[in-house]
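What follows is a short report on a single structure.
The values are calculated or read from the model by the stated rules, or taken from the named source; none is laboratory data. Every value quoted in this text rests on a predicted model; they were computed, and no experiment measured them. When we count neighbours, we look across all protein chains shown, and the Cβ atoms used for this are built from the backbone with ideal geometry, even at glycine.
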């Protein structure tokens, strides 16, 4: 006879969940997963735009995008690790569904303003989503909330940088 003790559910539930409310944990993991994919898609688009743009005026934008790739990968890694910590599974490529239409490389590779507008659109989407995620964590998961607020600050800085670039391009 097996002695009485705690019940352990293998594979579907953690022994000691960090967020005990299953519905709330599932919601936060879902929002983290969406954030993970947003960062991964941004990396793909930043790589293509940092390589594809042509012209002297494009150089500063290409350098900025190339430099931000590392930060965006780091954000994706943080989201993936947090998903795992909350007893989820960081997704693989088969689960990817693109959504950043405005950040696709332009047909005219000299259309720097198109790329700048795409970055602004992506950053605004990230800011909106990360704000929603931080609110979902409030009072429930302070560690995820703190991480998301820090990343949110990074995205806000990047947005302001590209809004400045757009002012410069639109004034010419």
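Mind checking whether some residue in segment 21-40 is surrounded by 14 or more Cβ atoms within 10 Å (Cβ to Cβ), at negative phi, touching a residue at least 12 places away in the same chain (Cβ under 8 Å) and outside any helix (DSSP H, G or I)?
No, there is no match, as no residue in segment 21-40 is surrounded by 14 or more Cβ atoms within 10 Å (Cβ to Cβ), at negative phi, touching a residue at least 12 places away in the same chain (Cβ under 8 Å) and outside any helix (DSSP H, G or I).
Might you let me know whether segment 125-147 holds any residue that is closer than 20 Å to residue 47 by Cβ and under 17 Å from the mean Cα position of the chain (by Cα)?
Yes: segment 125-147 contains one or more residues that are closer than 20 Å to residue 47 by Cβ and under 17 Å from the mean Cα position of the chain (by Cα).
Would you check if there is a residue in segment 64-73 being at negative phi, under 13 Å from the mean Cα position of the chain (by Cα) and free of Cβ contacts under 8 Å to residues at least 12 places away in the same chain?
Within segment 64-73, one or more residues are at negative phi, under 13 Å from the mean Cα position of the chain (by Cα) and free of Cβ contacts under 8 Å to residues at least 12 places away in the same chain.
Among (1) over 24 Å from residue 131 (Cα atoms); (2) modelled with pLDDT of 95 or more; (3) part of a helix (DSSP H, G or I), there is one condition residue 54 misses while meeting the rest; what is its number?
It is condition (3) that residue 54 fails.
I'm told residue 76 meets every condition in (1) surrounded by 15 or more Cβ atoms within 10 Å (Cβ to Cβ); (2) farther than 29 Å from residue 19 by Cα; (3) touching a residue at least 24 places away in the same chain (Cβ under 8 Å) except one. Can you identify the failing condition by its number?
(2)
Which members of segment 86-110 meet the condition of being over 17 Å from the mean Cα position of the chain (by Cα), within 29 Å of residue 26 (Cα to Cα) and loosely packed, with under 15 Cβ neighbours inside 10 Å?
94
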